[in-house]
1. How big is the range 76-142 on each of its three principal axes, counting only the C-alpha atoms and giving the largest first in Å?
2. Please sort by residue number the GluC sites (Glu not before Pro) in the range 1-101 whose DSSP state is loop and whose Cβ has at most 12 other Cβ atoms within 10 Å.
3. Viscosity 1.002 mPa s, temperature 20 °C: Stokes-Einstein D of the range 5-94 from its Kirkwood Cα radius, in µm² per second?
4. Taking neighbour counts of Cβ atoms within 10 Å as a proxy for exposure, in what order, fewest first, do 229, 15, 28 appear?
5. With the alpha-carbon atoms as the only input, what is the per residue convex hull volume for the range 52-91 in Å³?
6. In the range 1-97, which trypsin sites (Lys or Arg not before Pro) are in a loop and have at most 16 other Cβ atoms within 10 Å, using DSSP for the loop call?
7. In whole Å and largest first, what semi-axes does the C-alpha gyration tensor of the chain yield when each eigenvalue is scaled by 5 and square-rooted?
8. Using alpha carbons only, how many degrees (0 to 90, rounded to 10) separate the axis of helix 255-265 from the longest principal axis of the chain?
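Values quoted throughout were computed directly from the atomic coordinates according to the rules given, and no laboratory measurement underlies them. Remember, it's a predicted structure, so these values are computed and weren't measured experimentally. Note: ideal-geometry Cβ built from the backbone for every residue, glycine included; neighbour counts use all protein chains shown.
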Amino acid sequence: MPVDMDKLQDLVGKVVADMGGAAAGALVRLGDRLGLFKALASAGPQSSHELSKRTKTHERLLREWLHGMAAAQYVTYDSASEKFSMTPEQAFAFAEEDGPAFMPGGFQAMGSMWLDEEKVAKSFKTGKALNWGQHHHSLFEGTERFFRPGYNANLIGSWIPSLDGVKEKLEKGALVADVGCGHGASTILMAKTYPHSKFIGFDYHKPSVLAATKKAKAAGVANNTKFQVANATSFPGKGYDFVTFFDCLHDMADPEGAAKHVRKTLKPDGTWMIVEPNAMDKPEQNHNPLGKIFYGASTLVCVGVSLAQNGPALGAQAGEARLREVVTKGGFTRFRRATETPFNIILETRP
């Protein structure tokens, strides 16, 4: 078969760009872990020697890291002074931990997938997929740090206000279950914003529940927040005004069973908010840069987590139509897309 050299060149260019992204991701993890971004952003232009002294790191290794980040355009290099700096946008994306656009957490989560590659390869051969807790521990923290900026940017200002009457209930005082809460980023943010409401975070992964409990105490919301080990089909309590599932329904062993359980525990006028990765209904419609990220994560984590529990493996690109089917089979009659971002769809579901 003849090869079209122009098409080949285009393909090679895409592969090289992906390889550069993979290498840059490892460097971002180093910079995040060693505090290099924060040190560079906080003190203006610095040489590699100056930054080395400030961060107590090896100058020659640091210099190479700085040039690598400059090549990725994640930091800025001035050839005349031979100093490095960060623009306000670079600092916002790589040094502002609590900001709405902090990116290193995403690289941390992606890094864990490389670390688990051998385990996942075995699951392809044996069919014995990995449950959430069997992944490298950096996935748990990385996932929380990856999603938290999106919650900071959208949850309080956009997502909750897009739901019918929910904001008002939370301001007055509501009972809320945050299911699949992980390290509690979403739970804690809501608890801070709505101190008159009571929040219970549920997750079946005990180490995450323990981490969330510590984070809630440090955030000063322990009085109206607690965390408990439980799964989505049997979490305790009834009479919830508001139930939330953040980026987790597609991972579950029994999403329809989870929907039925939410229906039983929710008040007749209650609301279930489902936040899921943004996806179109046909797979080929998701063959784009965002889909590349989500299908990668889904292959290496999401589908396996569901399969490990004999679940339907909806995948991170399930699409709204498939999610609607799950919800209606669970007994809900009202389902709508309340709002969306480039990364997420926010679904309002009511009895």
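1. 57, 27, 14
2. Details: sites: 50, 59, 64, 82, 89, 96, 97; in loops: 82, 96, 97.
Filter output for the range 1-101: 82.
3. On the way: Rh = 13.8 Å.
Translational diffusion coefficient: 155 µm²/s.
4. Lowest count first: 15, 229, 28.
5. Spelled out: Cα convex hull of the range 52-91, divided by residues, is 75 Å³.
6. Sparse-neighbourhood loop trypsin sites (Lys or Arg not before Pro): 56.
7. Working: eigenvalues 275, 136, 68 Å².
For the chain, the semi-axes come out at 37, 26, 18 Å.
8. Taking the Cα atoms of the chain, the angle to 255-265 is about 50 degrees.
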